[in-house]
Amino acid sequence: MLLVAIQPASAHPQCLDFEPPFKPSWHLEFCTQYEQFGCCDQKTDNMIAERYWNIIDQLETEGHELCEDKLKEIMCQECSPYAAHLYDAEDPYTPVRELPGLCFSYCQEFHGTCRHVVKYLTENQQLRDTSERDVTTFCSMMDLSDPDYCYPNVLKTPDLNSNLGQVAEDPRGCLQVCLTEVANNLRNPVLMLHSSDGTHRMFIAEQVGFVWVYLPDGSRLEQPFLDMSGEVMTTPWLGDERGFLGMAFHPKYRDNGRFFIYYSIQVNSKVEKVRVSEMKVSALDMNMADPYSERAILEIEEPAANHNGGQVLFGLDGYLYIFTGDGGKAGDPFGKYGNAQNKSALLGKVLRIDVDGRDSSGQQYRIPPDNPLLQDPAARPEVYAYGVRNMWRCSVDRGDPVSRYGRGRIFCGDVGQNRYEEIDIIVKGGNYGWRAKEGFECFDLKLCHNSSLNDILPIFAYSHHVGKSVTGGYVYRGCESPNLNGLYIFGDFMSGRIMALEEDKSAGSWKERSVCMGETKTCSFPGLINHHHKFIISFAEDEAGELYFLATAYPSAMSPSGTVFKFMDPSRRAPPGKCKQKPLPVKVRGKKVPFVPRELTVLDTAEKPTRPPPRTFKLSAKPTVARTTTAASVSTTTTSRAVTPKWKSLNKKVKKTNKLQPWKIKQLLKKQQKKKEETLRQKSKTTVGKLVATERRSNALKRPAVNATKVPARKPAQKPVAQKKNGIKLKERGSQCKP
């Protein structure tokens with residue numbers, strides 16, 4: 001049984017990866033304080049322990065003994081369910097502090113005995129410096145603006161620790177959940193289902209007759225899987241119940257490619273019917289149905305335009321279940337008892353047929369040998385249960401992931417007439433009361449007091465003060481939100497309310513729990529929203545068991561205002577990696593349309609951030625290396641060869657002006673270098689000219705010739721000044737006298 005406890009709505013547990021905390025799959029050996037609920041799995045716990053022992057190895061024995069406990073406490077705050085608050089990481093786009101926020105009194109104790117370890121815990125030089133001398137400044141820097149979240153107060157605040165990890169409730173007792181948007185721009189999306197073939201594709205059907213394929217990455221294929229818009233009977237009228245209403249994949253779809261559809265048709269422009277057909281996937285494209293493969297297996301005439309039913313699904317027994325409406329109008333006025341109580345009519349029923357063979361009489365299906373009314377000559381053999389008005393959305397319970405309890409149960413929402421909406425669990429041969437009863441109350445007094453009625457009461461019913469058109473849902477059996485396991489979650493089309501039923505196994509009853517959107521603080525996680533469209537058309541379950549619902553802002557079959565939302569519990573998630581799926585590859589032949597969300601998220605972020613990189617800890621003090629700057633060494637000749645400086649520092653003014661603009665720094669360096677080269681060339685020409693003039697004067701004096709092969713080495717003091725000027729080496733010229 002699910003135990004849904006109350007958690008104050010103001011509490012906001014969050015980890016450093018911006019996700020809710022979790023219960024580790026395995027016990028923690030180091031940060032044992034958080035092994036029941038927190039933000040660390042065994043791998044993270046081992047990493048923290050390794051860093052801890054590396055720091056301990058750097059400490060002297062005395063320092064080790066004095067603060068090993070406090071060091072462990074501080075390092076383990078990464079595992080706290082409120083780690084995001086302790087490290088000021090609620091906003092995923094702001095820097096995460098390296099040390100958790102400490103309450104002032106605790107910080108003073110830590111500073112008194114462990115200030116020498118701060119240098120191993122942070123690269124923040126200011127924290128390092130203040131930790132060595134000024135306890136007041138240091139502890140002010142370590143404090144948090146919200147004193148309830150500083151360590152160790154965060155462990156003592158009742159509002160933050162009572163029922164931590166359970167589904168949050170608001171003051172009215174409403175269970176708070178959050179949502180993510182997964183698809184949009186749909187025309188009255190009436191259903192979403194998966195094919196159980198391992199690809200984790202989702203198929204979303206619109207009321208007008210289009211079925212679209214959505215891939216695990218969220219993108220949609222440009223071409224529809226199925227286009228029945230030319231056959232489907234529907235109109236743009238608000239609330240028109242006709243159209244493409246149901247679809248179910250065969251349990252062995254991966255092998256045989258068969259699926260079944262339920263939709264409204266019009267024959268000869270007068271007679272309206274509902275048709276159940278079998279179709280097959282294309283042999284050439286796994287993302288497209290074969291349009292020529294349709295085989296009609298059942299058609300039922302509808303006496304009115306409403307109450308068309310529409311659900312088809314396969315039970316665990318492998319048979320196809322078909323849920324029909326009572327034929328329409330008000331009060332099921334057809335015949336003495338109405339269609340629903342008439343066992344010879346197919347309207348107002350739950351039908352069960354075997355679609356894996358044909359009857360000897362040529363019928364397109366067989367009757368299961370254990371159908372309950374086979375021995376009644378006045379009854380249709382397809383009838384599995386009766387007395388239903390207009391069941392809208394049914395589902396099969398997968399069962400508890402561990403015990404398998406509840407596996408195979410079929411839940412349905414049956415739309416009421418004037419006063420009540422109800423939730424039923426379908427049993428073989430059951431009479432669900434309509435039109436004798438509506439909910440728990442009598443509707444037709446004469447039929448209601450008939451001793452042969454022997455009806456099955458709903459597990460839950462609610463009045464029209466709450467909502468006027470129930471939309472059946474699912475029992476949550478997914479992985480990502482373990483707190484929701486066992487809750488039957490459903491809604492109301494007209495009021496937009498979402499509700500849940502919690503089973504009391506010992507009493508054999510169900511308790512209603514209201515579900516509401518979490519407060520802004522509760523849903524302050526990346527990508528989450530806390531609002532949805534009013535008109536809830538359907539609920540859905542993906543291949544992994546996660547729960548969704550389909551809603552629209554304008555209930556017309558032609559209005560592209562439909563959106564698909566996914567449920568998410570902000571109080572607790574599954575351990576990292578537990579819910580990871582490995583979808584089988586999907587061969588895509590056409591184009592993909594990427595998903596573009598429309599709804600405004602609580603954090604109003606464009607994309608989900610990644611987990612911050614792990615913080616590094618300096619384990620040994622390294623000597624500071626002073627940065628030295630040497631004059632640029634430039635060498636050149638009298639040729640026009642380019643000169644490349646090794647490095648040149650800019651003056652303070654330039655550094656200040658061009659801060660954070662490296663391209664400007666490069667530009668200035670180039671300009672400076674060009675100017676320097678030009679200056680050097682000019683000086684070089686001047687120097688060479690002077691030397692040539694000197695040489696000419698020397699020749700005029702007719703000095704004796706010098707043997708060019710034996711030029712005596714000159715002493716450094718005798719070198720002309722012009723020979724090395726401004727660091728430029730000139731090519732030496734030998735002076736030869738003419739004979």
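At-a-glance table
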{"quantity": "Residues satisfying the stated conditions in the range 320-341, i.e. surrounded by fewer than 23 Cβ atoms within 10 Å (Cβ to Cβ) and assigned to a loop (DSSP other than H, G, I, E, B)", "calculated": "Gly328, Lys329, Ala330, Gly331, Pro333, Phe334, Gly335, Lys336, Tyr337"}
{"quantity": "Among the candidates Phe203, Phe138, residue that is among the aromatic types (Phe, Trp, Tyr), assigned by TED's automatic domain parsing to the domain that holds Tyr474 and surrounded by 20 or more Cβ atoms within 10 Å (Cβ to Cβ)", "calculated": "Phe203"}
{"quantity": "Any hit, the range 423-444, residues being surrounded by fewer than 20 Cβ atoms within 10 Å (Cβ to Cβ), of a type in the set (Val, Ile, Thr) and in contact (Cβ under 8 Å) with a residue 40 or more places away in the chain", "calculated": "yes"}
{"quantity": "Residue among Ser277, Ser293, Ser264, Ser269 that is at pLDDT 95 or above, part of a loop (DSSP other than H, G, I, E, B) and among the small types (Gly, Ala, Ser)", "calculated": "Ser293"}
{"quantity": "Members of the range 90-113 that are of a type in the set (S, T, N, Q), part of a loop (DSSP other than H, G, I, E, B) and at pLDDT 90 or above", "calculated": "none"}
{"quantity": "Test result for Pro526, more than 29 Å from Trp392 (Cβ to Cβ) and at pLDDT 95 or above", "calculated": "no"}
{"quantity": "Ile456 being in the same structural domain as Leu191 (by TED's automatic domain parsing), assigned to a loop (DSSP other than H, G, I, E, B) and of a type in the set (Val, Ile, Thr)", "calculated": "yes"}
{"quantity": "Segments classed as strands (runs of 3 or more DSSP E), wholly inside the range 487-538, with at least 1 members that are over 13 Å from Thr471 (Cβ atoms) and in the same structural domain as Pro458 (by TED's automatic domain parsing)", "calculated": "498-504, 509-517"}
{"quantity": "Residue within the range 146-156 that is surrounded by 16 or more Cβ atoms within 10 Å (Cβ to Cβ), over 30 Å from Met286 (Cα atoms) and among the aromatic types (Phe, Trp, Tyr) present", "calculated": "yes"}
{"quantity": "Test: residue in the range 428-435 that is assigned by TED's automatic domain parsing to the domain that holds Ala379 and over 28 Å from Arg380 (Cβ atoms)", "calculated": "no"}
{"quantity": "Unique match (being at positive phi and either touching a Gly at 6+ places or on another chain (Cβ under 6 Å) or β-branched (Val, Ile, Thr) (or both)) among Gly478, Gly486, Gly433", "calculated": "Gly433"}
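This table checks each residue for (1) buried (at least 22 other Cβ atoms within 10 Å of the Cβ); (2) in contact with a Ser or Thr (Cβ under 8 Å, 6 or more places away or on another chain); (3) closer than 24 Å to Pro158 by Cα; (4) modelled with pLDDT under 95.
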{"position": "Ala9", "(1), (2), (3), (4)": "no, yes, yes, yes"}
{"position": "Cys40", "(1), (2), (3), (4)": "yes, no, yes, no"}
{"position": "Gln58", "(1), (2), (3), (4)": "no, yes, no, yes"}
{"position": "Asp69", "(1), (2), (3), (4)": "no, no, no, yes"}
{"position": "His85", "(1), (2), (3), (4)": "yes, no, yes, yes"}
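Residues are listed down the side, and each one gets a yes or a no for (1) of a type in the set (Asp, Glu); (2) touching a residue at least 24 places away in the same chain (Cβ under 8 Å); (3) outside the structural domain of Gly230 (by TED's automatic domain parsing):
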site	(1), (2), (3)
Cys103	no, yes, yes
Arg128	no, no, yes
Ser131	no, no, yes
Asp134	yes, no, yes
Met142	no, yes, yes
Ser145	no, no, yes
Val154	no, yes, yes
Cys178	no, yes, no
Val182	no, yes, no
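Quick grid of which residues meet (1) surrounded by 19 or more Cβ atoms within 10 Å (Cβ to Cβ); (2) outside the structural domain of Lys280 (by TED's automatic domain parsing); (3) in a loop (DSSP other than H, G, I, E, B):
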{"position": "Met192", "(1), (2), (3)": "yes, no, no"}
{"position": "Gly198", "(1), (2), (3)": "no, no, yes"}
{"position": "Trp212", "(1), (2), (3)": "yes, no, no"}
{"position": "Pro224", "(1), (2), (3)": "yes, no, yes"}
{"position": "Glu231", "(1), (2), (3)": "no, no, yes"}
{"position": "Glu241", "(1), (2), (3)": "yes, no, yes"}
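The values are calculated or read from the model by the stated rules, or taken from the named source; none is laboratory data. For clarity, every value in this text was computed on a predicted model and none was experimentally measured. Quick reminder, even Gly has a Cβ in these numbers, built from the backbone with ideal geometry, and neighbours come from all protein chains shown.
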